1. Can you sort VAL42, VAL120 from fewest to most other Cβ atoms within 10 Å of each residue's own Cβ?
2. Quick check: Cα centre of the stretch 1-59 to Cα centre of the stretch 79-138, how many Å?
3. In what order do THR51, THR77 fall by count of nearby beta-carbon atoms within 10 Å, going from fewest to most?
4. What is the fewest-to-most order of ARG92, ARG128 by other Cβ atoms lying within 10 Å of their Cβ?
5. Can you tell me the FRET efficiency between GLU30 and ARG125 if r is taken as the Cβ-Cβ distance and R0 is 35 Å, rounded to the nearest 0.05?
6. Roughly how many debye, to the nearest 20, is the charge dipole of the stretch 25-105 about its Cα centre, given +1 on each Lys and Arg Cβ, -1 on each Asp and Glu Cβ, and no other charges?
7. Using the crude model of +1 on Lys and Arg Cβ and -1 on Asp and Glu Cβ, and no other charge, please compute the dipole size for the chain relative to its Cα centre, in debye to 20.
8. Apply 1/(1 + (r/R0)^6) to the Cβ-Cβ distance of LYS68 and LYS6, taking R0 = 35 Å, and write down the FRET efficiency to the nearest 0.05.
Amino acid sequence: MLTTMKISVSTKGFTDIKDLTPQVRQALRESGLQEGTATIFVSGSTAGITTIEYEPGLLEDLPTAFEKLAPMKARYTHDDTWHDGNGYAHVRAALLGPSLVVPFANGDLLLGTWQQIVLVDFDNRPRRREIVVQFAGE
């Protein structure tokens, strides 16, 4: 069986990190599925999905790491073309990726003890993000 749901999240942009784990767990419960995989996908090219330990230190460390990889103040050809100032956000999102697959069993996500599913919004403004959650299983 295949079930698709959406989660809507408001963000501040600028590498804002949102814990999606409670919403994905709730969606899994609502699906009624017990065994399978969950695909979590963010629609858009300036945000990404990953897992981290959602704790204050990493909520600072992850943006710091992305600033070193793709600095906001660097020159991006995208900005020369579109003049929207978010070239860095596109590069960061491409590095992180838009989706994640998490297995589930007995109706629960098989995440590690300190592992949460997160959305990282890199854009240069607040956004309303649509997250597609698709469960495949039985």
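Every number in this text was worked out from the coordinates using simple rules, so none of it is lab data. All values derive from a computational prediction rather than experimental measurement. A quick note on method: Cβ atoms are made from the backbone with ideal geometry, for glycine too, and the neighbour counts reach across all protein chains shown.
1. The fewest-first ordering by Cβ neighbours comes to VAL120, VAL42.
2. With the stretch 1-59 and the stretch 79-138 each reduced to a Cα centre, they are spaced 7 Å.
3. Ascending number of Cβ neighbours within 10 Å: THR77, THR51.
4. Going from least to most buried by this count: ARG128, ARG92.
5. Taking R0 as 35 Å, the efficiency between GLU30 and ARG125 is 0.65.
6. Rounded to the nearest 20 debye, it is 120 debye.
7. 320
8. Details: r = 33 Å, r/R0 = 0.95.
Plugging the Cβ-Cβ distance into 1/(1 + (r/R0)^6) gives 0.60.
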